[in-house]
Amino acid sequence: MASSTQAAGATERPAGQWPSPRTQPEDVFLVWLLGLPEGTDPAEAARIEIARIDAAELADGRLHRLRALFGALARTGGAPA
C-alpha cells in the first residue's frame, strides 16, 4: 500500500539515493510533485521529504538543491511564489 506521500506504483527508494548521475534536482521534484496522490497537501508532503533528506546526512549538492525546492514549496503552502 502506497503512503499518502508516495504515488501508487512508485518504488520506495532509501532517502539520499539519487536516481541517476544525469538526473537534475528539478526533474526529481517535478516527478515527485506530479506523482502526489489527489488530495495530498503538497506543503506537508514536502516537509516529510525534507525530513528524509535531513536524516540521510549526505553532502550532495543535488540533494541540497532538491531540499531547497521542497523548502520553497513547504514555505508557500503550495501556492505560486
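Worth pointing out:
- Remark: accessible surface ordering of 33, 63 (largest first) is 33, 63, probe radius 1.4 Å.
- Based on C-alpha pairs under 8 angstrom that are at least 6 apart in sequence, region 19-72 has a relative contact order of 51 percent.
The values are calculated or read from the model by the stated rules, or taken from the named source; none is laboratory data. Every value quoted in this text rests on a predicted model; they were computed, and no experiment measured them. Side chains included, ligands, DNA and RNA excluded: accessible areas come from the protein's heavy atoms. Shrake-Rupley method; radii C 1.70, N 1.55, O 1.52, S 1.80 Å.
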